[in-house]
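The values are calculated or read from the model by the stated rules, or taken from the named source; none is laboratory data. Note that the coordinates shown come from a computational prediction; the quantities given were computed from them, not determined experimentally. As a convention, Cβ positions derive from the backbone with ideal geometry for all residues, glycine included, and neighbour counts pool all protein chains shown. Surface areas here come from the heavy atoms of the whole protein model, side chains and all, with no ligands, DNA or RNA. Shrake-Rupley method; radii C 1.70, N 1.55, O 1.52, S 1.80 Å.
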Amino acid sequence: MTLDQLLVLSKIAETGSFRAAAGALHRAQSAISYAIKNLEEELGVELLCRDQYRPTLTAAGEAVLLRAHRVLAGTDEILELARQLKLGDEPFVNLAISAIVPMGPVIPALKDVGLRKPHLILNLRVEVLAAQGKVQDDQADMAISELVNNKPGTEGLEKFPLGHVRLLPVCAPGHPLAAEKKLLKETDLRVHTQVILPSTDVATKDIRAGIMEGAGTWSVSDFASKRHLLLGGLGWGLMPLSLVDEDLQTGRLIALNVEPYTDFSIPIYLMRKRKKFQGPCSELMWNILSAVDLNSSSWIGDREDG
């Protein structure tokens, strides 16, 4: 069985006759008949009923045609990909995003990239204190991330500011900390369990950003799980405002008035290596993402329900 035989079957079904299919494919009608006859013999089933004026698909022919369309569509995608590669487009771009970054403002930008480069494969990884490292270790072409200044090689990064992400210490209304009306200090929090997200990068796993020294901790792997534990009253923790805004408005979570976190915002950057070659798709993505405004009021904060 060949792609050409599947194409002939598809064209007969589309045009309704052997003659019309031959004309559409610029071939002799005998070549069309020969291709279908060989395909039927190879598959051992009759694909077309020839008893009427126009050939019609048998039940087996309809089933084979359905799968033939999928195969031919895949072939077209490969051909288009090859055309893009000839033009210099890279086949994929690796993007790392910090877990604290709200996806709401980023999605329209990625959609724009997809519309302009429909055959581009995007590999997107969400990281905790590790997105920058993926760029520095050549595991990502670019990242949207907070800046980890104590990681070697930071001076080799090109950075473009996208805004700030506000983090809030929160707990459930039934948690003991929720009843405190005073301005809390770190010593008040140390006696309570803190729910944390450790770094997803082995090289930065010891970074204690936002983790209270001396406090007991429960570790989770994502913000959705962290939010559920906080809603269940199992501790307190720092959460991006975009993920708990609705919970705060409805009273499912309470923002704690803690001295170190009264106005705790982290600057976020689009970053990539300065001296690394960027293909056309990567350059396009960089230019589009650089217009993202994380603090724009034109998007609705996204919340993970898990």
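Give the cross-link partners of K276 among the lysines, using a straight C-alpha distance below 17 Å as the criterion and excluding same-chain residues fewer than 8 apart.
Correct list for K276: K134, K159.
Between beta-carbons, use under 12 Å as the cut-off and find the net charge around I97, counting Lys and Arg +1, Asp and Glu -1.
0
Which order do you get for R274, R227 if you rank them by accessible area with a 1.4 Å probe, largest at the top?
My answer, sorted largest first, is R274, R227.
Using only DSSP helix segments of four residues or longer, with each worth -39500 (n - 2.57), what per-residue ellipticity at 222 nm results for the chain after dividing by its residue count and rounding to 500?
Calculated at 222 nm, the ellipticity per residue is -11500 deg cm²/dmol.
For the chain, which whole-number percentage of the solvent-accessible area (1.4 Å probe, protein heavy atoms only) is attributable to carbon and sulfur atoms?
55 percent
What does the extension gain come out to for R27 and N149, with contour length at 0.36 nm per residue minus their alpha carbon separation?
37.3 nm
Are there any helices in the chain, counted as whole DSSP H runs, that stretch 20 Å or more along their axis by Cα and score at least -0.5 on average by Kyte-Doolittle, and if so which?
29-43, 59-86
Check cross-link reach from K226 to the lysines: straight Cα distance under 20 Å, and skip same-chain residues fewer than eight apart.
The reachable lysines, counting only those whose Cα sits under 20 Å from K226, are K205.
Keeping all protein chains in place, calculate the accessible area per residue for the chain (probe 1.4 angstrom), answer in Å².
The answer is 53 Å² per residue.
How long are the three semi-axes of the equivalent ellipsoid of the chain, in whole Å, if each is the root of 5 times an eigenvalue of the C-alpha gyration tensor, listed from largest down?
Semi-axes, largest first: 57, 24, 16 Å.
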